[in-house]
Amino acid sequence: MAMQFYTGGCQCGAVRFRLHGKPRDVSICHCRMCQKAFGNYFAPFVACHPADVEWTRGAPKQFASSNFVTRGFCGDCGTPLTYEAPDGLSLAAGAFDDPATLPPTLQYGTEGKLPFTDHLSRLPGHHTDFDIESAPFLADIVSNQHPDEEMPFWRGSLSQPGDE
Ligand SMILES: [Zn+2]
Ligand SMILES: [Zn+2]
């Protein structure tokens with residue numbers, strides 16, 4: 001049986017990773033520091049054993065967000081990718097190619113929780129195609145993001161022999 005692994009990376013494809021084996025846990029963190037680091041209402045994390053994480057293309061840049069924590073991100077496109085602290089390494093759950101396979105099972109940092117996050121699922125919802133007439137460019141959109149799968153070559157990577 002093949003060893004199980006999960007793949008992911010930043011939106012431009014300059015940084016790609018594999019997580020070998022099972023995560024320690026999958027969570028969201030509501031703390032204010034994670035809100036700022038992700039530019040989001042909360043941050044989704046896959047906690048890993050550091051030895052299980054392989055950087056298969058590029059590597060994250062680091063910002064020391066405190067005396068104990070560094071946060072990794074793609075230096076080219078800015079996608080948040082890691083949280084590294086004395087108690088472990090987490091990867092940004094939304095950066096995985098198939099986040100649906102890694103659903104969160106707990107919440108951290110609830111003292112910083114934005115009250116409306118409990119009600120997001122009750123907001124009115126629209127599919128992207130719902131009102132295409134008000135945003136006709138959506139019909140012709142061409143993504144520059146890396147696909148949700150491993151690619152042998154990618155235009156965002158600088159050191160690939162197949163670049164043209
Ligand atoms: Zn990138
Ligand atoms: Zn946090």
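The values are calculated or read from the model by the stated rules, or taken from the named source; none is laboratory data. Owing to the predicted nature of the structure, the values given are computational and were not obtained by experimental measurement. With ideal geometry, Cβ positions are generated from the backbone for all residues, glycine too; neighbour counts draw on all protein chains shown.
Matching residues to (1) more than 14 Å from the chain's Cα centre (by Cα); (2) among the acidic types (Asp, Glu); (3) more than 16 Å from Arg71 (Cα to Cα); (4) crowded, with 17+ Cβ neighbours inside 10 Å:
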residue: Gly9; (1), (2), (3), (4): no, no, no, yes
residue: Cys12; (1), (2), (3), (4): no, no, yes, yes
residue: Val15; (1), (2), (3), (4): no, no, no, yes
residue: Arg18; (1), (2), (3), (4): no, no, yes, no
residue: Gly21; (1), (2), (3), (4): yes, no, yes, no
residue: Val26; (1), (2), (3), (4): no, no, yes, yes
residue: Cys29; (1), (2), (3), (4): no, no, no, yes
residue: Cys34; (1), (2), (3), (4): no, no, no, yes
residue: Asn40; (1), (2), (3), (4): no, no, no, no
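Answer with yes or no whether Thr117 is of a type in the set (Val, Ile, Thr) and either assigned to a loop (DSSP other than H, G, I, E, B) or within 16 Å of ligand 1 (Cβ to nearest atom) (or both). Quick ask: steps written out before the conclusion?
Details: of a type in the set (Val, Ile, Thr): yes; either assigned to a loop (DSSP other than H, G, I, E, B) or within 16 Å of ligand 1 (Cβ to nearest atom) (or both): no.
No; evaluated as a whole, the condition is false for this residue.
Which ones in region 44-64 are farther than 11 Å from Ser90 by Cα and either of a type in the set (Gly, Ala, Ser) or touching a Ser or Thr at 6+ places or on another chain (Cβ under 7 Å) (or both)?
Ala51, Arg57, Gly58, Ala59, Pro60, Gln62, Phe63, Ala64
Taking Gln107 as the residue in question, decide whether it is in a strand (DSSP E or B), surrounded by fewer than 17 Cβ atoms within 10 Å (Cβ to Cβ) and within 16 Å of ligand 2 (Cβ to nearest atom). Give the steps one after another, and end with the answer.
Working: in a strand (DSSP E or B): yes; surrounded by fewer than 17 Cβ atoms within 10 Å (Cβ to Cβ): yes; within 16 Å of ligand 2 (Cβ to nearest atom): yes.
For Gln107, the condition - in a strand (DSSP E or B), surrounded by fewer than 17 Cβ atoms within 10 Å (Cβ to Cβ) and within 16 Å of ligand 2 (Cβ to nearest atom) - is met.
Which condition does Gly72 not pass, out of (1) of a type outside the set (A, V, I, L, M); (2) in contact (Cβ under 8 Å) with a residue 40 or more places away in the chain; (3) out of contact with any helix residue (DSSP H, G or I) (no Cβ under 8 Å at 6 or more places or on another chain), if it passes all the others?
If we test Gly72 against (1) of a type outside the set (A, V, I, L, M); (2) in contact (Cβ under 8 Å) with a residue 40 or more places away in the chain; (3) out of contact with any helix residue (DSSP H, G or I) (no Cβ under 8 Å at 6 or more places or on another chain), just (2) comes out false.
Which residue is nearest to ligand 1 (Cβ to nearest atom), if the candidates are limited to region 83-95 and must be closer than 14 Å to Ser27 by Cβ and assigned to a strand (DSSP E or B)? Steps first, answer last, please.
Within region 83-95, the subset closer than 14 Å to Ser27 by Cβ is 83, 85, 87-94.
Filter once more, so that each one left must be assigned to a strand (DSSP E or B): 83, 85, 88-92.
Details: Tyr83: 17, Ala85: 23, Gly88: 23, Leu89: 19, Ser90: 18, Leu91: 14, Ala92: 12 Å.
It comes out as Ala92.
Out of (1) farther than 21 Å from Ile28 by Cα; (2) in contact (Cβ under 8 Å) with a residue 40 or more places away in the chain, what's the single condition that is false for Lys61?
(2)
Hey, could you check region 44-58 for residues that are outside any strand (DSSP E or B) and loosely packed, with under 14 Cβ neighbours inside 10 Å and say which is farthest from ligand 2 (Cβ to nearest atom)?
Ala51
Could you give every pair whose Cβ atoms fall below 6 Å, whose first residue belongs to region 129-158 and is more than 15 Å from Thr56 (Cα to Cα), and whose second residue is among the β-branched types (Val, Ile, Thr), counting only separations of at least 6 or pairs across chains?
Pairs that qualify, where the first residue is more than 15 Å from Thr56 (Cα to Cα) and the partner is among the β-branched types (Val, Ile, Thr), are Leu138/Ile132; Ala139/Ile132.
Only residues that are closer than 20 Å to Leu114 by Cα, part of a loop (DSSP other than H, G, I, E, B), more than 16 Å from ligand 1 (Cβ to nearest atom) and not hydrophobic (A, V, I, L, M, F, W, C): list them for region 1-43, please.
Once the filter is applied, which keeps residues that are closer than 20 Å to Leu114 by Cα, part of a loop (DSSP other than H, G, I, E, B), more than 16 Å from ligand 1 (Cβ to nearest atom) and not hydrophobic (A, V, I, L, M, F, W, C), region 1-43 yields His30, Asn40, Tyr41.
Suppose we filter Gly112, Gly78 for residues that are modelled with pLDDT of 95 or more, within 27 Å of Arg16 (Cα to Cα) and surrounded by fewer than 16 Cβ atoms within 10 Å (Cβ to Cβ); which single one remains?
Details: Gly112 fails: within 27 Å of Arg16 (Cα to Cα).
None of the other options fit; the residue is Gly78.
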